[in-house]
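What follows is a single structure, written as structure tokens, with notes after it.
Read the figures in this text as sums done on the coordinates, not as results from a lab. For clarity, every value in this text was computed on a predicted model and none was experimentally measured. Counting neighbours? That spans all protein chains shown, and the Cβs are built from the backbone with ideal geometry, glycine included.
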Amino acid sequence: MTVRLRPHHLLCMLTFSGHGYTPAFTANMRAIMDRLGKGEGIVIVAGPDDICAPLLSEPAPHCHDEDVTARDQVAAQEAGALLAVTVRPGTRLALTPAQIRELREGFAEGRIRTGCAGCQWEDLCTGVAAGSYAGAQL
């Protein structure tokens with residue numbers, strides 16, 4: 001199988017340490033991080049992805065909001081530039097441990113963080129990165 005990810009979730013996966021919107025979201029995110037940690041591939045999608053799935057049954061999931069779509073656009077540009085690939089719907093990635101380290105360095109240094117602006121998890125993720133990703137699941 002392949003994990004379907006929207007572009008800004010390429011950033012979220014770097015710092016996920018067990019916190020989430022709901023228990024169902026957190027359990028789903030843990031399962032996805034486990035799959036990615038075992039080397040499962042990624043396909044980039046536009047809009048809600050496998051991580052968003054537990055939130056889509058809510059009355060007004062933020063997954064469709066304009067600011068989330070804007071985060072995707074910026075994250076696609078920045079992560080793509082860092083990895084030297086075009087990140088857009090349909091792009092397939094098989095991230096190596098070296099590429100994850102490269103993404104984490106870029107994240108910690110702020111080179112791929114523009115898409116995080118305004119996200120409610122920004123401070124938490126900043127703390128995880130500042131702590132050398134201790135506790136991050138991936």
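Placing unit charges on each Cβ (+1 for Lys and Arg, -1 for Asp and Glu) gives the chain a dipole about its Cα centre, and among Gly18, Thr126, Leu83 the Cα reaching farthest toward its positive end belongs to Leu83. The length gained by stretching the chain between Glu40 and Glu109 to full extension, at 0.36 nm per residue less their Cα-Cα distance, is 22.2 nm. Restricted to Cα atoms, the chain shows a radius of gyration and a Dmax of 13.6, 40 angstrom. The charge dipole of the chain, taken about its Cα centre with unit charges on the Cβ of Lys, Arg, Asp and Glu (plus for the first two, minus for the last two), comes to roughly 440 debye. For the stretch 30-116, applying the loop criterion from DSSP together with a ceiling of 14 other beta carbons within 10 Å to the GluC sites (Glu not before Pro) yields Glu40, Glu109. For the stretch 42-52, putting each phi into the Karplus relation 6.51 cos²θ - 1.76 cosθ + 1.60 with θ = phi - 60° gives couplings of 10, 10, 7, 10, 8, x, x, 10, 5, 5, 6 Hz, in residue order, rounded to whole numbers and with x for Gly and Pro. At a Cβ-Cβ separation cutoff of 4.7 angstrom, cysteine residues of the chain with no neighbouring cysteine are Cys12, Cys116, Cys119, Cys125. Annotation: extensible slack from Phe25 through Thr86 equals 19.1 nm (criterion: 0.36 nm per residue apart, minus Cα-Cα distance).
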